[in-house]
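Heads up, the thing below is written out as structure tokens.
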Amino acid sequence: SKLMPVKTTEINDFVREPDGSLHLPYSMRFAKAENTIKSPANAATFRFFQNFDYLSHTGLFEDLMRYLKKNRVNVVLVLLPINPSLYEQLKKSPEGQFILSVEDYLKGVASKHEIQLIGSYDPRPYGLTGQDFFDTIHGHDAVAQKIMAEYR
């Protein structure tokens, strides 16, 4: 598909911001609850996660955290919850447990470098259901708003 500049994100298409963030089309971004994923994650989701079996470049990541802190940058790590059906399936599989272990690693980094970490991959502490997500990973705007309310 061809890229073209736009003056607003209020269009029914994918829009890439200059900072790299992505706005999804209306049909995904504003999906009604009855159209959201309620069934368990599909096999394609797990094929994606099978590509990861170890954390690489953690030293480089932690060097970046030290550098930012040394230069007085207020670093905040944000973990957004995932769809409850996917979260439960990840807990039951070796590949999934590895992915979920990333949260523990990031909590350790945050503690070690005195960095604020907000959120969690786990949707349960926030009372989120499948209706709060428009696919197995991405939550509606209200999910991010709930997590960002933890920012101090």
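Read-outs throughout are calculated quantities, based only on the coordinates presented, and are distinct from any laboratory measurement. Bear in mind the structure is a predicted one, so any value in this text is a computation, not a measurement. Positions of Cβ are generated from backbone atoms using ideal geometry, with glycine treated the same way; all protein chains shown enter the neighbour counts.
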| field | Two-site FRET efficiency, ASP19 against LYS107, from Cβ-Cβ distance with R₀ of 22 Å, rounded to 0.05 | value | 0.25
| task | Could you tell me which of the pairs LYS91/LYS112; LYS107/LYS146; LYS69/LYS91 are separated by over 29 angstrom between their Cα atoms in the structure shown? | result | LYS69/LYS91
| remark: Pseudo-spin-label distance VAL78 to VAL6, built 7 Å along Cα→Cβ, given in nm, is 2.1 nm
| request: Can you tell me the equivalent ellipsoid semi-axes for segment 53-109? Use √(5λ) from the Cα gyration tensor, largest first, whole Å. | output: 27, 14, 6
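What is the gain in length, in nm to one decimal, between GLU88 and LEU60 on full extension, counting 0.36 nm per residue of separation less the C-alpha to C-alpha distance?
Numbers: separation 28, 0.36 × 28 = 10.08 nm, distance 3.10 nm.
Additional length available on full extension: 7.0 nm.
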